[in-house]
Amino acid sequence: MSGRRLDQYALGLRLAFTGGRDPLVRVLLSAVAIGLGVALLLLTASVPGMEQHRDARIHSQYDMLYGSTSMRASDRTVLIADTSTVFRGQDIRGRAVQPEGVDAPLPPGVAHYPGPGQMVVSPALASLLRADGSGLLRARLHYTPVGTIGEAGLLGPAQLSYIVGSDSLSFADGAVRIDEFGHPFTSKALNPLLVLLILVGFVVMLTPVVVFVGAAARFGGDQRDRRLSALRLSGADRRMTARIAAGESLGGAVVGLVLGLLFFLIGRRLLQNFSVEGLSFYARDISPQPVIAALVVLVVPALSIAVTQLAMHRVSLDPLGAVRRSVARKRRLWWRALLPVVGLGVLALALRSPQGIQQTQGMLLTAVGMLLLLAGVSALLPWLVEAATRRVPGGSLSWQLAVRRLQLGSGPAAGAVSGIVVAVAGAIALQTLFLGIQASFTPSAQLSASVAGPRSGSPAAPAVAAVPAEVTFPGTPSQQLTQYAAEIRSSPEVATAAGVHDFYLTGPGNANGSLLRVADCQTLATFAVLPSCKDGDSFVALGSGYNNTALLDRRGTVVSTQSLGGSMADGPDWRIPAVTATVHQTDPAADPDSMGIGMLFATPGAVPGALLTSGTGAIFVGLDPTGPDVQDQLRTTVALLSPWATVSFPDSSDTNHDFTSVTHALLAGAALTLLLVAGSLLVGQLEQLRERKRSLAALFAVGARRRTLALSVLWQSAVPVAIGLLLAVGGGLALGGALLHLAQLPIGYDWPGVAAMVALAGAAVLLVTLLSLPVLLRTMRPSGLRFE
């Protein structure tokens, strides 16, 4: 680029800051708008780093996964057991530790080991324990707090975590021995559908930002054109004035970059105070990738210059004035309609198979295809607004003022709302894809809520459908398990409770495995229809699925046993007793432990006594659903009996961890995008009012009422938005359906979600109009007629 051209850009840059109040206000408005976009772009550029930091923190918390029951004790070993719990849907990570020497490694974020009965907690858990309504949790975690877990030992500021000291841990309680905390972990490739969901989310979040940054570069076009006419009078040609105009826009882009960095620094400091579904980050973890941040710094000014010079082609600048082409050429439709068609073709090429999305080429093609589709939605909006307002019937004065303004130039009005239109279209597409993918990662509940009575394993069915639960006690002998069942049964929130010991049987050569369940006759009668029963009897119970009972039919065969759950400790070898009868399970589908297959039901007298002295016991519980906080009541009752016990609810569907993490991240990004869209719409509205202050002041001076002018401003926003939302719904549904079809997923739409998205966009327009009313009222003052 020659020095002369650089001088012309520099002149425009200087005029932006020294040309008077109006250019300076324009620079500030465009800078604020661009700054909001840059802040979100920098936040998006921080996502890879945020994921990297979170992975490192997750790896630092790996402990029991790499523990052992065969490692020898030393001064550098620690016994550790899982004591995690749940309180009102919030996961609380818990560990019980017992150092075995002075050189035992410390957990990350912990300065010293807590003593027996003491605990260190995360700041978020400390706040929760102090909160009103946390009495059940305080009773459950009745240890003495003696310290705080530091940042190095937490996934984020919102993680609920505690570490309790102990002096009685054993392998029978489910403990393991370790000699270090944290292990490197090789991350596995994400499911192709999750990769597609992430890619769609990024495109949906970034496209409105790019659209609005381009629209912000055109702020104040009319006033800028009048100033540039004076330069034509002094001898500048059209190319020079275009470069000077680009220099002015460059001023707003440069200030916008600075403001964007400031917004980003403030935003990331505020973000660590919020969490989305338990997902939170520390401010230092939110740092943009250097390469992507450099691209943002280069692309934003370049986009500002390109948009301004492109806009100058539609303006005729003469020495005596500036005019928009009075007889504007009709906008061409062919290239606007071609964009989404080409986008669908690129998507078809990229997503012919779900595996193709994992490759770099497939990702790029998918992103390009979606960008073309969303760009087509944005490009079609001005043409539709122009076509719709070309011939509209008359109406009230406010309606006529709004329509006439749109007829004179629909570009600025369409540009102001193009960001929200693209955001809604993308959000509908993302919502549709999410609905299709969700079924692949969210298993159906194992027990239908419509099933009356408790799950199999509860003695008597109450009149109201009970909430099923399973409590596992590692290393619990039969007598103690019976005592635990009685104490749980006496709790007010419990309707039924039945204790059993489950084992896995292995025949000679580790073949022909089967399941064994040991309980008294009354309890076994709840799992199967027994002809009669006394202590010493055993029954082959046929399931609804695969009946692996060949081993059970051979009386006297020597088998080995392993306890289900807990440490899977080996039990004694014994001979299969004579089977009293063959029975059918009452409801094998409702019992996840039986897995619907055949198993051996035995009374305590039919198995060796040593088998029931240390095995893992399970108590099947039916909760009264009418009580308050029944799940937390049960967890607290169980924790007071044994801190090593675990409580699970088979009715609760267990979603894929990766899917949950991706969903939480996308929710956070979508929320920030909506905030940006609302803020950008307000800035655009204020800029339009500033440009039209003399015309609005003149209309008020000749008798137009404030109410009429306010309604006209509302109509000028509402008409493009109404047309844009229709376009956004059609484009979003088409894009979502195409993504589902090309990803080989069943096509379905979340119609209530679509309606909510449209209503939210309409409410945003109404809110922006209300917020701009004070500025509108100020523009109607007689001082608005002043002109220099």
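Observations on the structure shown:
- Only one of Tyr9, Tyr66 that is surrounded by fewer than 21 Cβ atoms within 10 Å (Cβ to Cβ), in contact with a His (Cβ under 9 Å, 6 or more places away or on another chain) and hydroxyl-bearing (Ser, Thr, Tyr): Tyr66
- Check on Thr613, open to solvent by 10 Å² or more (accessible area, probe 1.4 Å), hydroxyl-bearing (Ser, Thr, Tyr) and either modelled with pLDDT of 90 or more or within 29 Å of Val164 (Cα to Cα) (or both): yes
- Here is the figure for the stretch 281-293: residues that are assigned to a helix (DSSP H, G or I) and either among the β-branched types (Val, Ile, Thr) or open to solvent by 50 Å² or more (accessible area, probe 1.4 Å) (or both) total 4.
- The residues on offer are Leu739, Leu760, Leu726, and the sole one that is of a type in the set (A, V, I, L, M, F, W, C), open to solvent by 20 Å² or more (accessible area, probe 1.4 Å) and either under 19 Å from Gln438 (Cα atoms) or free of Cβ contacts under 8 Å to residues at least 40 places away in the same chain (or both) is Leu726.
- Residue in the stretch 158-180 that is touching a helix residue (DSSP H, G or I) at 6+ places or on another chain (Cβ under 9 Å) and farther than 26 Å from Ala645 by Cβ present: yes
- The stretch 95-121, subset under 23 Å from Ala73 (Cα atoms) and small (Gly, Ala, Ser), residue surrounded by the fewest Cβ atoms within 10 Å (Cβ to Cβ): Ala111
- Strands (runs of 3 or more DSSP E) completely within the stretch 29-134 that count 1 or more residues being of a type in the set (Phe, Trp, Tyr): 85-87
- Applying the criterion of being at pLDDT 75 or above and outside any helix (DSSP H, G or I) to the residues of the stretch 395-422, the residue that is most open to solvent (accessible area, probe 1.4 Å) is Ser396.
- Among (1) within 19 Å of Ala302 (Cα to Cα); (2) open to solvent by 50 Å² or more (accessible area, probe 1.4 Å) - the single one Met71 does not satisfy: (1)
- Ile149 meets each of the listed conditions (1) open to solvent by less than 40 Å² (accessible area, probe 1.4 Å); (2) free of Cβ contacts under 8 Å to residues at least 12 places away in the same chain apart from (2).
- Members of the stretch 14-28 found to be of a type in the set (A, V, I, L, M) and crowded, with 19+ Cβ neighbours inside 10 Å, listed by number: Leu15, Ala16, Val27
- Just so you know, in the stretch 152-176 the residues that are open to solvent by 40 Å² or more (accessible area, probe 1.4 Å) and part of a helix (DSSP H, G or I) include one that is nearest to Leu564 (Cα to Cα), and it is Ala172.
- Checked against (1) over 28 Å from the mean Cα position of the chain (by Cα); (2) open to solvent by 30 Å² or more (accessible area, probe 1.4 Å), Arg692 passes all but a single condition, namely (2).
- Test: residue in the stretch 477-495 that is in contact (Cβ under 8 Å) with a residue 40 or more places away in the chain, within 20 Å of Val558 (Cβ to Cβ) and either open to solvent by less than 70 Å² (accessible area, probe 1.4 Å) or of a type in the set (Val, Ile, Thr) (or both): no
- Within the span defined as the stretch 181-188, every residue fails to be under 22 Å from Arg635 (Cβ atoms), of a type outside the set (Asp, Glu), open to solvent by 30 Å² or more (accessible area, probe 1.4 Å) and modelled with pLDDT of 70 or more.
- Candidates in the stretch 234-253 are the residues that are out of contact with any strand residue (DSSP E or B) (no Cβ under 9 Å at 6 or more places or on another chain) and open to solvent by 70 Å² or more (accessible area, probe 1.4 Å); of these, the one that is nearest to Ile92 (Cα to Cα) is Arg239.
- Residue within the stretch 363-378 that is at pLDDT below 75 and surrounded by fewer than 17 Cβ atoms within 10 Å (Cβ to Cβ) present: yes
- Top-ranked residue in the stretch 748-757 [being aliphatic (A, V, I, L, M) and in contact with a helix residue (DSSP H, G or I) (Cβ under 6 Å, 6 or more places away or on another chain); ranked as least open to solvent (accessible area, probe 1.4 Å)]: Val754
- Meets criteria (over 30 Å from Ser490 (Cα atoms) and modelled with pLDDT of 70 or more) for Val713: yes
- Val299 satisfies every condition listed in (1) crowded, with 17+ Cβ neighbours inside 10 Å; (2) in a helix (DSSP H, G or I); (3) modelled with pLDDT under 85 except (1).
- Checking Asp537 against (1) of a type in the set (Asp, Glu); (2) open to solvent by less than 20 Å² (accessible area, probe 1.4 Å); (3) at pLDDT below 85, the condition it does not meet: (3)
The values are calculated or read from the model by the stated rules, or taken from the named source; none is laboratory data. Remember, it's a predicted structure, so these values are computed and weren't measured experimentally. Positions of Cβ are backbone-derived with ideal geometry, glycine not excepted, and every protein chain shown enters the neighbour counts. Protein only, heavy atoms only, side chains kept; ligands, DNA and RNA dropped before computing areas. Shrake-Rupley method; radii C 1.70, N 1.55, O 1.52, S 1.80 Å.
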